[in-house]
Amino acid sequence: MKALIPGFALTLAVLISCGNDQKINRYQLVTRHNIETSAIDSLNSLSVGNGEFAFTVDVTGLQTFPAFYRGGIPLGTMSNWGWHSSENPQNYSLEDNYREYEVNGRQVKYLWQYGSEDEERKKLASTWLRENPHRIHLGMIGLYILKKDGTEITIDDISDNVQRLNLWTGEIVSRFTVDGFPVQVTTLCHPELDQVSARIESGLIAENRLGIRVHFPLGIPQPAGYDFENPEGHVTAIRASSANVTLFERIQDADRYFVKLSHPGGSIENAAPHLYYIFPRNDSKVFEFSCLFSKRDEHGSPEDFAISAGKNRKSWEEFWSTGAAVDFSQCTDPRAPELERRVILSRYLTRIQCSGSLPPAETGLTYNSWFGKFHLEMHWWHAVHFALWQKEAILARQMNYYSDIIGEAGETARIQGYRGARWPKMTNPSGRESPSGVGVFLIWQQPHPIFYSELLYKNSSDKNTVLGKYSEIVFESAEFMASYAFHDRVNSRYVLGPVLIPAQESLKKESTLNPAFEIVYWYWGLKTAAEWKKRLGQEIPALWTDITERLSELAVQDGLYLCTEDTRDSWINPRYMSDHPIVSGIMGILPETGKVNSLILGNTLDTIMKKWNWPSGWGWDFPMLAMSAASIGRGEQALDFLMMDAPKNRYLLNGHNYQDPRLAVYLPGNGGLLTAVAKMCVCGQFPQNGRWKVRWENLNEYVD
């Protein structure tokens, strides 16, 4: 096995102690972290899903009390195809939002977000273009239960509640009591269809006091994605109905989708616009249903609960039984059980929320962050771990998105006077950029596709296929990067910026020059793209070589790396010690490049630990810092960063990386944790103090 830490010799004994010296019992590893709770808490929502579709439930196992959960983790029904665009009668377009900035002596157009003080059309165009398209809630499915007096229950009428998520099978079992009657609901998601299925068991069925409520909302851009207060804004129509299956067509503006509900033994009643009840027969205490959501009516009837349950269990068993695993059960450090819990729950969450055909939103398929759009600079944190944990097919599937939008990215570069493809920041399935005062000035997502491609190449047994499939993405990314770097003839070097906002977004675009992370990433990206040219027997562009040879050096002051060349005295000015400490990523996120001095990096990490404004950080900052410390052989410090007691390094009962009330779900933190743990295992960088006997198997290596 090849050591990945520059200048740090790994002995065979260290590798074996961290590696596969004893086969891990996967079932025990996973199921000891099954979630079980009796607390009714709006942050305790649980989800089932398959990567393309997710269904989030409350204490009842369905979506019975959405208002209670809206202030915590909302009850979402969302999919990768479930987007809506509001009408655009004013024909707002990108042309309404361009603003020119002088960049190294020429005017460059950026898609600016205009505000209240600006011209009315520009302001309205900014709002429309940012909000559209937006992901929407596809339909709320909950229980309808009556009390003895005939009134509907509230959440306060639930008692004796216990809810359990079986991670090995991907099933949620919810038990509770109403008026002395036990209720049990088993909820699961079909592994291949956008379908939720449930089995309800209760004597309340025989009492004619339990049914299913299906309520279709107006889809909106706001976080929850639903609105029940404006029924006139959309249409729900029953297009076909039988004793067992009902087909709904949903229409909102120019968008439509279909919902097929299988309800054997249940009758359907339309109670109000968009509101339907399913009432089971009262000769049984069991009722099962399946609800299939689709963009087009191209499927047959939904698969019933039993068939769906069997396929779901098989799919989850295959997921847990293959690929990599990391076991902390032999560790004696008191942080180890919590780290293992975070790892297992993060694997569950990233599979159901982030493993689909599109890059995920930062809140996945649970609710809308940034209108449900995804951020391509965050795709790294969502997806890299899949390749490291031997689920690289997921990353490979999402790479198709870059091929799909390469024309859009190329047009952005052309408009701005660059070559190649400039990948968007905040975007949607079409690849269109969203107006912003920050995002359009970011560049650190540009080398990401090169990183993904190299990671897939490194761990593929069919390297020629990988080269052929991704070479266009690699080369178009590199072409933009090469044309973006500016030749400073006075100092005979290449520079980045201004105008530029680095990954540490609190810095000013007008003055930012040579941000440390972006400089190293540009160097690595162009060198790697050149290596791809070499592998394919093609000529390496002279400009790529010239840039890597004369790219600016990292700025250093008082033995510390500066976040950017223009931020002198940054380590005594609190203004520069907030947001992402991305300067640490110059080695850790990135492999060893020869541009980073380990001693200076170590001093910088120590200063970050002492001085950073931790409440301003984000969930992925902690795994980033851990990888940086591990890259210079500091396993103890890596663990201290990874498990730091900080406001945004909190992991809820359900495994979600809580940031604040706006972002109660933050999947880049989960993905970053899995990347850091994988890298620390393969690098042998868990502390060698006798308390971290980490066992792992089948982890892939990082990029060189």
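Values computed for the structure shown
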item	result
Dipole axis of segment 133-259 (+1 Lys, Arg; -1 Asp, Glu on Cβ), positive-most option in VAL178, SER241, ILE136	SER241
Dipole in debye (nearest 20) - segment 322-697, about Cα centre, beta carbon charges: Lys, Arg +1; Asp, Glu -1	500
Orientation-averaged projected area, Cα convex hull of segment 257-371 (nm²)	12.2
For segment 575-704, the fraction of alpha-carbon pairs in successive 10 Å shells from zero, as %	13, 43, 35, 9, 0
Value at 222 nm in deg cm²/dmol, rounded to 500, when DSSP H runs of n ≥ 4 in the chain each add -39,500 (n - 2.57)	-9500 deg cm²/dmol
Two-site FRET efficiency, ASP41 against ASP645, from Cβ-Cβ distance with R₀ of 25 Å, rounded to 0.05	0.75
Set of lysines with alpha-carbon distance to LYS260 below 20 Å, sequence-local pairs under 8 removed	LYS295, LYS311
Paramagnetic label zone (point 7 Å from Cα along Cα-to-C-beta, SER284; backbone N under 18 Å) in segment 167-202	183-188, 197-202
Sequence of ARG26, ARG281 once ranked by neighbouring C-beta atoms within 10 Å, starting from the fewest	ARG281, ARG26
Listed residue (PHE216, ALA272, THR512) projecting farthest to the positive dipole end of the chain, Cβ model	THR512
Taking THR593, THR246 and counting other C-beta atoms within 10 Å, the order from fewest to most	THR593, THR246
In order through segment 319-336: 3J(HN,Hα) via Karplus (6.51 cos²θ - 1.76 cosθ + 1.60), integer Hz, x for Gly, Pro	4, 6, 7, 10, x, 8, 8, 10, 10, 9, 5, 8, 7, 10, 5, x, 7, 5
Length gained when the stretch SER93-ASP304 is fully extended (0.36 nm per residue, less Cα-Cα span)	71.4 nm
Ascending count of other beta-carbon atoms within 10 Å, so fewest first, for HIS382, HIS375	HIS375, HIS382
Given charges at beta-carbon only (K, R positive; D, E negative), |dipole| of the chain in Debye	1220
Ellipsoid semi-axes in whole angstrom, largest first, where each is sqrt(5λ) of the Cα gyration tensor of the chain	45, 31, 22
Local electrostatic count at THR363 - Lys and Arg +1, Asp and Glu -1, tallied over other residues with Cβ under 10 Å	+1
Sequence-distant lysines (8 or more away, or on other chains) whose Cα lies within less than 30 Å of LYS508	LYS109, LYS122, LYS123, LYS373, LYS425, LYS527, LYS595, LYS610, LYS611, LYS648
20 °C / 1.002 mPa s Stokes-Einstein diffusion coefficient of segment 123-176, Kirkwood radius on C-alpha pairs, µm²/s	137
Top positive-direction residue, dipole computed over the chain with Cβ charges, set GLY690, ALA396, TYR523	GLY690
Rough spin-label spacing in nm, given labels placed 7 Å along Cα→Cβ, for GLU229 and ASP704	6.0
By average C-beta atoms within 10 angstrom, highest first, the peptides 558-567, 401-410, 353-362	353-362, 558-567, 401-410
Cα centroid separation - segment 176-200 against segment 295-331, whole Å	16
For segment 322-697, the Rg and Dmax computed from alpha carbons only, in angstrom	19.7, 59
Under the Karplus curve 6.51 cos²θ - 1.76 cosθ + 1.60, θ = phi - 60°, whole-Hz ³J(HN,Hα) for segment 413-425, x wherever Gly or Pro sits	4, 4, 4, 8, x, 10, 9, x, 10, 9, 6, x, 9
Rough spin-label spacing in nm, given labels placed 7 Å along Cα→Cβ, for ASP569 and SER460	5.1
Fraction of alpha-carbon pairs over 28 Å apart in segment 424-580 - percent	28
Extension gain, GLU249 back to THR127 (0.36 nm per residue minus Cα-Cα distance, nm)	41.0 nm
Potential extension, GLN222-GLN330 segment - 0.36 nm per residue separation minus Cα distance	34.4 nm
Separation in nanometres of the label points that stand 7 Å from Cα toward Cβ, at ASN270 and ASP488	6.9
Net charge dipole size for segment 30-152 [Lys, Arg +1 and Asp, Glu -1 on Cβ; Debye, nearest 20]	260
Segment 19-85 pair-distance distribution - Cα-Cα, 5 Å bins, rounded %	3, 14, 18, 16, 16, 12, 8, 6, 4, 2, 0
Cα-Cα P(r), segment 240-306, percent of pairs per 10 Å interval	19, 49, 26, 5, 0
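Bear in mind that the values in this text are calculations on the coordinates, not laboratory data. Keep in mind it's a predicted model, so treat the numbers as computed, not measured. Heads up, the Cβs are rebuilt from the backbone with ideal geometry, glycines too, and the neighbour counts pull from every protein chain shown.
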